[in-house]
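The values are calculated or read from the model by the stated rules, or taken from the named source; none is laboratory data. Keep in mind the model is a prediction, meaning the values are calculated, not measured. Cβ sites come from the backbone with ideal geometry, for glycine too, and all protein chains shown count toward neighbours.
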Amino acid sequence: MLRRLDTTALVYIALIIVLIIGAILVSTTGRNLFSPGNIRDILTGMSVLGFVAIGQTLVILGASLDLSVPYVMSLASLTAAQTMDGRDGMVIPAVLLTVAITALIGLANGLFVTVLGVHGFVATLGVGLMLKGYLDTNYQGTEGEVPWSFQLFGASGIGPIPISTIVMLGLAAVVAFILVRTTFGHHLFAAGGNAEVARLSGVRERLPIIGAHIGSSVCAGFAGLLLASRLGVGSPTVGSQGTYDLLSIAAVVLGGTVLMGGRGSIWGTIGGVAIFAVLDNLMSVMQFNPFLKDVVRGLVIIVAVALYARRRIIARRIRFAQAPQGPNIVAVARPDADGKPGQDSTVTEEGSRA
Amino acid sequence: MTSATGHPQSVRAQSAPSRSGQSRLGVGDRMTEWGRRALDPKGIVVVLLIVILLAIIVLNPSFAEPGSLMRFIQRVAPIAIVAIGQYFVIVSGEFDLSMGAVVTAQVMTVGHLVGVDESKTVPVLFVLVGIGILVGLINGLATTLLRVPSFIVTLGTMLVIHGAIMWWTGGVATSNPAENFRQIGRGGFENIPLIDSIPYAVLVLAAVILLAVWLSRRPFGRTLTAIGDNSAAATFAGSRVWWTKTSAFVLSSLSATVAGVLLVGFAGVHPSVGQGYEFTAITAVVLGGVVLGGGRGTVLGALTGAFTLEALFTLLNFTAVPATMRDAIQGAIIIAAVAYSGVVFARRRKRSRTSTSTNSATTSADPTTTSAESAPSTPSTGGDGAVRQ
């Protein structure tokens, strides 16, 4: 029965299991995981990583990566805080300026990846290092000041639900709509699955990848804005301290998106982010050693993705078995699955067309 | 037809000399051949390295003295060794992000197990090798048998190893371990004529290079490259993909172990030793012309990349550039290097790659059949490539 569910459903089943185990563990210490204060903590923990992971989902769907997000976040927090400088009237210009700057960084990433043909890992690592050099050279510590009106964005909430989480989920809904319902989304899936096949099918395979990189940087910029709003100042190290680059990639993959591109969903990613947030909160409530948290996180990442990887192969076989000439395609698919998961999508494309 | 039959030859002509070319650049009267090779993505790194070294010597003439050259090589040794380990993983089409954590773990283990007791040095070395092999096996088996992408596996093991070692040691630096252990990294044979001393680290590096070059020319190394190029074809050809890739991960962790042992001598025992080493290693490897995604690159390329990166840092130390800009320059250099090799390679290899992929798709071993088959497909893709570039 589990086999017929899609990966996103599985992510949420995993989330519910984590919640149940967590609730039992927390109740042994005489506390309640679902108390309003705790729910608020979990949702707050989701929002920053959620913004980054939404953008990271876009680039990973396009078979790229974005390792520059931590530095984009730091830069965004500084840009916003310095432009606002404690003045209420400057909030909107500061947000617009931040979005523009982060979009430009994303454009640079996208052009390096598509036009110059630099691997996404190297291009975004390089851009990240350049930003890090700029930040380290020009900033010694926190700078700027965020006015109270903008601090409310990070501080207020409706009942136990923080405004920032609502905005994050709203952004997720918009991006999910774009991915599923628009040409850009379809082209992104196609280009991420197999750029060559997409190009031969008449898709301009570079545009969606560039768009995904811009989206990723802007999302990281939103995360930086949120952090600035929470801290009240801009900080040059706020992004790299949280290792948001690797954690967001882990959350995306935990949410069932294939690292080689072309398959996945935003809601899966949100599920992955939620699993991380619940685990983090659980370990904080249980007063785990902070180093032990990393051990648990690492184990969860490996085990969860191992379970998906196993399942995904089975799911694909069932899909192929429904196709008229199933056995042939399965025979082609098997050696691919042994070695390079990235080439599976080729088989899928050809299979669905055959 | 003539162009089609020319492709397999040009592939051979390009890959064969460039492999031996870096070691035998001193020979010959073929200046044009040199020029062509120097513009090759692999050659350009050598040129870059020479230019940087010359710039350092101009700024600081004492750098050219044998003694300080030796100290330079000694300083490069850990990063070069890590880059060579990372090379084996990258050429097979995978990543190893756990290297930095392994280096940190080994350094901290030395601090807490050896202490000041000199007699514990040898047993602890065995423990370190054991840890290295274990981490490599976990990375490799999870990647190949559990089919988790290596990026995720090694990201996970990075978190687990780093968290576990910090949890065990409390994340505090200890006093320096026994002097004989530190000597491995900082000591050397003294009173050698001409160069006055040979650090042990340089000898270790030389041994690692010889071993790595030998391995990469053995069937193991060839299979590894073939798997990185096209793992399906390698499977059809009968290679044990899972075991070969796992071995590559073990080599990678072992190289991180060796680097950790050397770093204990350089830097002492501190939880920040090894931080970010995985990205530095990947940068060095990529700079050396090894292609992410696998199938192309050489050990000597990775080595040249490591030397170029460290030489660049040394150059920046001698100039007025603020230390914080070091990252920015490193970032710009790797993008430029990869973009350059991408553009040149794509132009030069567009056609030959098409014929290679046709070759593997049809799994045909006969060269004449391949060139005949690729003849109709070559012009069309070549034309598209021109449009895309």
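Within region B:330-342, the set of residues being within 7 Å of chain A (Cβ to nearest Cβ) and either more than 19 Å from the chain's Cα centre (by Cα) or of a type outside the set (Val, Ile, Thr) (or both) comprises B:GLN330, B:GLY331, B:ALA332, B:ALA339, B:GLY342. B:ASN230 fulfils the conditions (1) within 23 Å of B:TYR277 (Cα to Cα); (2) at pLDDT 85 or above; (3) not hydrophobic (A, V, I, L, M, F, W, C) except for a single criterion, (1). When you go through B:GLY185, B:GLY156 one by one, which is the residue that is under 25 Å from the mean Cα position of the chain (by Cα), more than 24 Å from A:LEU246 (Cα to Cα) and surrounded by 19 or more Cβ atoms within 10 Å (Cβ to Cβ)? Selected residue: B:GLY185, the only one of B:GLY185, B:GLY156 that is under 25 Å from the mean Cα position of the chain (by Cα), more than 24 Å from A:LEU246 (Cα to Cα) and surrounded by 19 or more Cβ atoms within 10 Å (Cβ to Cβ). Taken over region B:168-181, the residue count meeting the criterion of being more than 10 Å from every other protein chain (Cβ to nearest Cβ), surrounded by fewer than 22 Cβ atoms within 10 Å (Cβ to Cβ) and either of a type outside the set (Gly, Ala, Ser) or assigned to a helix (DSSP H, G or I) (or both) is 5. Here B:PHE313 does not qualify as surrounded by fewer than 21 Cβ atoms within 10 Å (Cβ to Cβ), more than 21 Å from B:SER253 (Cα to Cα) and in contact (Cβ under 8 Å) with a residue 24 or more places away in the chain. Restricting to region B:227-246, and then to whatever is surrounded by fewer than 21 Cβ atoms within 10 Å (Cβ to Cβ) and among the aliphatic types (A, V, I, L, M), can you tell me which residue is farthest from the other protein chains (Cβ to nearest Cβ)? Residue satisfying both the conditions and the ranking: B:ALA237. Once region A:24-50 is narrowed to residues that are out of contact with any helix residue (DSSP H, G or I) (no Cβ under 9 Å at 6 or more places or on another chain) and either free of Cβ contacts under 8 Å to residues at least 12 places away in the same chain or not assigned by TED's automatic domain parsing to the domain that holds A:ALA309 (or both), the residue that is surrounded by the fewest Cβ atoms within 10 Å (Cβ to Cβ) is A:GLY30.
Report yes if A:LEU282 is touching a residue at least 12 places away in the same chain (Cβ under 8 Å), in a helix (DSSP H, G or I), of a type in the set (A, V, I, L, M) and in the same structural domain as A:GLN56 (by TED's automatic domain parsing), otherwise no. The answer is yes for A:LEU282.
Listed here are the residues, each with its yes/no results for (1) among the small types (Gly, Ala, Ser); (2) touching a Ser or Thr at 6+ places or on another chain (Cβ under 7 Å).
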| residue | (1), (2) |
| --- | --- |
| B:GLU65 | no, no |
| B:LEU69 | no, no |
| B:ARG75 | no, no |
| B:PHE88 | no, yes |
| B:LEU97 | no, yes |
| B:ALA105 | yes, no |
| B:VAL114 | no, yes |
| B:GLY130 | yes, no |
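Under the condition of being surrounded by fewer than 24 Cβ atoms within 10 Å (Cβ to Cβ) and farther than 16 Å from B:SER255 by Cβ, the residues counted in region B:104-137 number 16.
Only one of (1) more than 24 Å from A:PHE189 (Cβ to Cβ); (2) away from chain B (no Cβ under 12 Å); (3) within 17 Å of the chain's Cα centre (by Cα); (4) of a type outside the set (D, E, K, R) is not met by A:ILE270, so which one is it? The one condition A:ILE270 does not meet is (1).
Being touching a His at 6+ places or on another chain (Cβ under 8 Å) and at pLDDT 95 or above holds for only one residue in A:VAL59, A:VAL72, A:VAL52, and it is A:VAL59. All of A:ALA53, A:ALA81 fail the test of being over 20 Å from the mean Cα position of the chain (by Cα), of a type in the set (Gly, Ala, Ser) and crowded, with 24+ Cβ neighbours inside 10 Å, apart from A:ALA81. A single member of B:ILE152, B:ILE165 is among the β-branched types (Val, Ile, Thr), free of Cβ contacts under 8 Å to residues at least 24 places away in the same chain and within 14 Å of another protein chain (Cβ to nearest Cβ), and it is B:ILE152.
For region A:117-138, the set of residues classified as surrounded by 19 or more Cβ atoms within 10 Å (Cβ to Cβ), more than 8 Å from every other protein chain (Cβ to nearest Cβ) and over 17 Å from A:SER216 (Cβ atoms) consists of A:LEU135 only.
Scanning region B:207-266 for residues being farther than 23 Å from B:ALA101 by Cβ and assigned to a helix (DSSP H, G or I) gives a total of 30.
Could you check, for region B:177-197, whether at least one of its residues is acidic (Asp, Glu), free of Cβ contacts under 8 Å to residues at least 24 places away in the same chain, under 30 Å from B:GLU65 (Cα atoms) and out of contact with any Lys or Arg (no Cβ under 8 Å at 6 or more places or on another chain)?
Yes; the residues of region B:177-197 include at least one that is acidic (Asp, Glu), free of Cβ contacts under 8 Å to residues at least 24 places away in the same chain, under 30 Å from B:GLU65 (Cα atoms) and out of contact with any Lys or Arg (no Cβ under 8 Å at 6 or more places or on another chain).
Residues in region B:289-329 that are within 9 Å of chain A (Cβ to nearest Cβ) and hydrophobic (A, V, I, L, M, F, W, C): B:VAL291, B:LEU292, B:ALA323, B:MET325, B:ALA328, B:ILE329. Of the residues in region B:126-139, none is within 14 Å of another protein chain (Cβ to nearest Cβ), free of Cβ contacts under 8 Å to residues at least 60 places away in the same chain, in contact with a Lys or Arg (Cβ under 8 Å, 6 or more places away or on another chain) and within 30 Å of B:THR244 (Cβ to Cβ). In the set (1) over 22 Å from B:THR154 (Cβ atoms); (2) buried (at least 21 other Cβ atoms within 10 Å of the Cβ); (3) facing chain A (nearest Cβ under 8 Å), the condition left unmet by B:ILE282 is number (1). Residues in region A:80-119 that are of a type in the set (Ser, Thr, Tyr) and in contact with a Gly (Cβ under 7 Å, 6 or more places away or on another chain): A:THR98, A:THR102. I'd like to check something: does region A:90-107 contain any residue that is within 14 Å of chain B (Cβ to nearest Cβ) and in a helix (DSSP H, G or I)? Yes - at least one qualifying residue is present in region A:90-107.
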